[in-house]
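Peer 1: The structure that follows is given in the form of structure tokens.
Read-outs: derived from the displayed coordinates by stated rules, not from any lab. Just so we're clear, the structure is a prediction, and the values are computed from it rather than from any experiment. Positions of Cβ are backbone-derived with ideal geometry, glycine not excepted, and every protein chain shown enters the neighbour counts.
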Amino acid sequence: MGLFGSDSAHGDQLALEARLAALEAKVSGLSAEVARLSATPLAAEALSTPPAGAPSAWQIEARRLHQAGEKIQAIKVVREATNWGLAEAKNYVERL
């Protein structure tokens, strides 16, 4: 008889330990993938360069807001349109 009254409790503990080890391995793999993706050159500086070509509606709106002195609103427009982070969007607006 096991510590908690049956041998199945020991089996349950072993199953949980195996599941925990599998989850830890997945987290480790995901962490490595995030580190790999973060090291790519497509990071902040590449994204903060304004796109080439004819300006889109969000670019026109961001420029209008920036020229009207509404820098924060312009940054919000850029972030919503591009999914860029705050720093990238701020850099973009400051270059307008």
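Peer 1: For the stretch 83-96, what does the Karplus curve 6.51 cos²θ - 1.76 cosθ + 1.60, with θ = phi - 60°, yield as ³J(HN,Hα) per residue in whole Hz, taken in order and with x for Gly and Pro?
Peer 2: Result, ordered by residue: 6, 6, x, 4, 5, 5, 5, 4, 4, 4, 4, 5, 7, 5 Hz.
Peer 1: Work out how much length ALA15 to LYS71 would gain on full extension: take 0.36 nm times their residue separation and subtract the Cα-Cα distance, in nm to one decimal.
Peer 2: My answer for the length gained is 14.6 nm.
Peer 1: If you take every residue apart from GLU70 with its C-beta less than 15 Å away from the C-beta of GLU70, what net charge results, scoring Lys and Arg +1 and Asp and Glu -1?
Peer 2: Neighbourhood net charge equals +3.
Peer 1: Residue by residue through the stretch 17-24, what is 3J(HN,Hα) from phi via Karplus (6.51 cos²θ - 1.76 cosθ + 1.60, θ = phi - 60°)? Round to whole Hz and write x for glycine and proline.
Peer 2: Computed from phi, the couplings for the stretch 17-24 are 5, 5, 5, 4, 4, 5, 5, 4 Hz.
Peer 1: Given the Cα-Cα distance of SER8 and VAL34 and 0.36 nm per residue of separation, how much length would full extension add, in nm?
Peer 2: Result: 5.5 nm gained on full extension.
Peer 1: Can you list the HN-Hα couplings for the stretch 28-35, worked out from phi with the Karplus curve (6.51, -1.76, 1.60; θ = phi - 60°), rounded to whole Hz and with x for Gly and Pro?
Peer 2: 4, x, 5, 4, 5, 5, 5, 4
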